[in-house]
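Before any comments, here is the structure.
Since every read-out is calculated from the coordinates, none of them should be taken as a lab result. Please read all numbers here as calculations on a predicted model, not as lab measurements. Positions of Cβ are backbone-derived with ideal geometry, glycine not excepted, and every protein chain shown enters the neighbour counts.
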Amino acid sequence: MATAYDIAMKHGDTEKDGGAPVVAVENLHKSFEGLKVLNGISLSVSRGETLAVLGRSGTGKSVLLRLIIGLEKPDSGSIRIHGRNIVGLALDRVGEIRKKMGFLFQHAALYDSLTVAENVAFPLEHHRRDISRSERGDRVKRLLAEVGMEGDFGKMPSDISGGMQKRVGLARALALEPEILLLDEPTAGLDPISSAEIDDLILKLQRERQMASIVVTHDLHSARIIANRLALLDQGNVVIEGAFEDLQQSDIVLVKEFLKLS
Amino acid sequence: MTTAASSATGLVNGFFEWFGNLGIFSWQVFRAAVTPPFEWRELIRQLDEVGSKSFPLVVMAGSAIGVIISLEARYSLSRFGAKSMFPATLVYSVIQVMGPIITGLVVSGRVGAGIGAELASMKVTEQIDAIEASAINPYRLLAATRILACILMLPLLTLATDACALLTGWFAQTLVEPLSFHQFIQDGFKGSTFSAFMPQTFKTAVYGLIIGLIACFQGMRTRGGAEGVGRAATNSVVLASLFLILADVVLVKFILVVFP
Ligand SMILES: Nc1ncnc2c1ncn2[C@@H]1O[C@H](COP(=O)(O)OP(=O)(O)OP(=O)(O)O)[C@@H](O)[C@H]1O
Ligand SMILES: [Mg+2]
């Protein structure tokens, strides 16, 4: 685990190649039947950067990710992917952008009628007909090996544990080699060793493929390792945003409590 | 009094809202269905699914209906001394009236509930969202293929129902009054061309549309966990069966006017 942390530290120094943000949400409002969930949130991530989103249960972290990939429509505000506002875009146009995004659902959302391997192959079979069947198979194997699930190819999602489903979900999210990674609690429900492996994988992807990632997590330890910046949400707003050290130096009560209790 | 009135307006509003949403849903499915890429593999899988799930049921239902109509027809025809009309009566009742509607109701119970429950459980476990997040249009992949499979399979299943009903109907009759099957068929179809029976069989494609559309719609709009899944399955069957019978009123009239 120390290695992962070292990598993160080293990586943080070399990263700053800047450029326009890959994902930028601005002044985002979203409510459900009178319940205000997001109240003017603004956040952004650049290439090769990981933003960890923290916050208490029910603050709208999952809703934020769902908005970014267009599964929910915001009441107002803009969501820019590579500078292009996706709010109000037709489904087919959004589709083009979604191919560049990998999404891990909070509860994995694996297709329960398909095997583990078929789940990971699913995006490839729909979008990468240009590569041969055997090559697709190889890629599925490699992806499953990366998340430590190489032994469970033919199993059905209902026959593997929640943590294993999460890892398969991550492999599926990576199948199309996305530029943007949106992960909803990737290490929740995982043992410490698997968590550390997933953290290492996220760091490796960030380093090798310069992905822009937004990772929702309750795991401060993991957030500290993988993220360049952290954002703490509360009551539909960003309470604080910055490096881990910035959070440590903050006087805000909620931030202090968050750090103390984690 | 006022609560009754307000709940009545609520019901009426809900009804129109449901229809409005069904209209929007239909349009989205239609648009997805007529633009590439076409999901051939999923369509073939669904054809197999609809056909293989329903076939044993329509065989049994058709066989039972044949015997029932046979018994009833023999009894009433002999009362009017019109026993020679038996084959024609059986053929007419089965092909024009009972075969299509029985097939429609059986398939709506089996396939309607199946599609409703399957899509509803995919919806509440975010699998449909996952499809969308993978840049795949769920209306095209899930709804269009299932609806088309229902449209294509219903007439074929109706033919199976008809065949079974005629066979058992003839068999029940021949136990009492021996009559060769060949003779029975010849008498039964005498004076009517084969094409006279086509509209009644092919109208079941409309039943298929109703079953597929309503089941997909109910499934894909489901909310609220396991309870929602059960509700979607029940509603799919109830609404599909109801609309199927209502549509039949219009279809029968339409066929009488267009194919006199
Ligand atoms: N489709 C929806 N309809 C109605 N309310 C919703 C919907 N989706 C989310 N909400 C509400 O929005 C709020 C935020 O939900 P969200 O799932 O984003 O929380 P979260 O921050 O991810 O919490 P957790 O850490 O427990 O996952 C909750 O109060 C939830 O009830
Ligand atoms: Mg959540």
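Is the range A:160-201 best put as rounded, prolate or oblate by its Cα gyration tensor, with a ≥ b ≥ c the root eigenvalues, rounded for a/c under 1.5, and otherwise prolate when a/b is larger than b/c, oblate when not? The shape class here is prolate.
Where the only charges are on Cβ atoms (+1 Lys, Arg; -1 Asp, Glu), what is the dipole of the protein assembly as shown about its Cα centre, to the nearest 20 debye? Can you show the working numbers first?
Details: 50 positive and 52 negative charges, 296 e Å.
Approximately 1420 debye in magnitude.
Which of the three applies to the range A:85-190, rounded, prolate or oblate, going by the alpha-carbon gyration tensor with a ≥ b ≥ c and a/c under 1.5 meaning rounded? Present the calculation step by step, with values, prior to reporting the outcome.
Values: a/c = 1.99, a/b = 1.28, b/c = 1.55.
Taking the square roots of the gyration eigenvalues as a ≥ b ≥ c, the range A:85-190 is oblate.
Within the same chain, lysines fewer than 8 places from B:K203 are excluded, and of the rest, those with a Cα less than 19 Å from its Cα are B:K253.
Listed by number, the DSSP H helices of chain A that run 15 Å or longer by alpha-carbon position along their axis and have mean Kyte hydropathy of at least -1.0 are A:2-15, A:116-127, A:162-174, A:192-209. Comparing Cα centroids, the range A:168-182 and the range B:1-22 end up 44 angstrom apart.
Given 25 °C and 0.890 mPa s, how large is the Stokes-Einstein diffusion coefficient of the protein assembly as shown in µm²/s, with Rh as the Kirkwood radius over Cα pairs? Kindly include the intermediate steps, with their values, before the conclusion.
Working: Rh = 26.5 Å.
Using the Kirkwood radius from Cα pairs, D works out to 93 µm²/s.
A crude spin-label estimate for the pair A:E177 and B:A82, with each label 7 Å from Cα along the Cβ direction, gives 7.6 nm.
The 3J(HN,Hα) values that the Karplus relation (6.51, -1.76, 1.60; θ = phi - 60°) gives for the range A:77-88 are, in residue order, x, 10, 10, 9, 10, 6, x, 9, 6, 8, 5, x Hz. Gly and Pro appear as x.
Distance check, please: which entries in A:K61/A:K166; A:K73/A:K99; A:K99/A:K141; A:K36/A:K99; A:K36/A:K166; B:K83/B:K190 exceed 22 angstrom between their Cα atoms? Before the final figure, lay out the partial values.
Working: A:K61/A:K166 17 Å; A:K73/A:K99 19 Å; A:K99/A:K141 20 Å; A:K36/A:K99 30 Å; A:K36/A:K166 29 Å; B:K83/B:K190 15 Å.
Going by Cα-Cα distance, A:K36/A:K99; A:K36/A:K166 fall outside the 22 Å limit.
For the range B:1-102, the square roots a ≥ b ≥ c of the C-alpha gyration tensor eigenvalues yield an a/c of 1.5 or more together with a/b not exceeding b/c, which makes the shape oblate. A dipole drawn for the range B:85-229 from +1 and -1 charges on Cβ atoms has a positive end, and of B:I185, B:G228, B:G169 the residue lying farthest that way is B:G228.
FRET efficiency for the B:L175 to B:M198 pair, using the beta carbon distance and R₀ = 22 Å, is estimated at 0.10. Model label sites at A:D112 and B:W18, defined 7 Å from Cα along the beta-carbon direction, differ in position by 2.6 nm.
Sorted from fewest to most neighbouring beta carbons within 10 Å, what does the list B:S180, A:S213 look like? List each step's numbers first, then the result.
On the way: B:S180 10, A:S213 26.
Placing the least packed residue first, the sequence is B:S180, A:S213.
Taken about its Cα centre, chain B carries a charge dipole of about 320 debye when Lys and Arg each add +1 at the Cβ and Asp and Glu each add -1 at the Cβ. Applied to the range A:25-40, the Karplus parametrisation 6.51 cos²θ - 1.76 cosθ + 1.60 on θ = phi - 60° returns per-residue 3J(HN,Hα) values of 9, 9, 6, 7, 10, 8, 9, 10, 6, x, 8, 6, 9, 10, 10, x Hz, with x for Gly and Pro.
Counting every other Cβ atom within 10 Å of each residue's Cβ, B:Y92, B:Y139, B:Y75 order from fewest to most as B:Y75, B:Y92, B:Y139.
Compute the projected area of the convex hull of the Cα atoms of the range B:39-258, averaged over all viewing directions, and report it in nm² to one decimal place. Write down the numbers at each step before the final one.
On the way: hull surface 54.4 nm².
For the range B:39-258, averaging the hull's shadow over all directions gives 13.6 nm².
Treating r as the C-beta distance of A:V87 and B:V257 and R0 as 56 Å, the FRET efficiency rounds to 0.70. Between A:K260 and A:S31, full extension at 0.36 nm per residue minus the direct alpha carbon distance yields a gain of 79.4 nm.
Loop-only check: which trypsin sites (Lys or Arg not before Pro) in the range B:94-198 are DSSP coil with at most 16 other Cβ within 10 angstrom? Please report the intermediate quantities before stating the final value.
On the way: sites: B:R110, B:K123, B:R140, B:R146, B:K190; in loops: B:K190.
Qualifying residues, ordered by number: B:K190.
Helix by helix through chain B, keep the DSSP H runs that span 20 Å or more along the axis on Cα and average at least 0.0 on Kyte-Doolittle, and give those back in order. Provide the component values of the computation, followed by the final result.
On the way: long enough: B:2-33 (46 Å, 0.53); B:40-79 (55 Å, 0.37); B:145-176 (47 Å, 1.51); B:204-220 (24 Å, 1.73); B:225-258 (47 Å, 1.69).
The answer, listed by residue number, is B:2-33, B:40-79, B:145-176, B:204-220, B:225-258.
In debye, nearest 20: dipole of the range A:174-262 around its Cα centre with unit charges on the Cβ of K, R (+) and D, E (-)? Present the calculation step by step, with values, prior to reporting the outcome.
Numbers: 7 positive and 16 negative charges, 32 e Å.
Computed about the Cα centre, the dipole is about 160 debye.
Distance from the alpha carbon centroid of the range A:199-228 to that of the range B:119-137 works out to 26 angstrom. Sorted fewest first by neighbouring Cβ atoms within 10 angstrom, B:R31, B:R74 come out as B:R31, B:R74.
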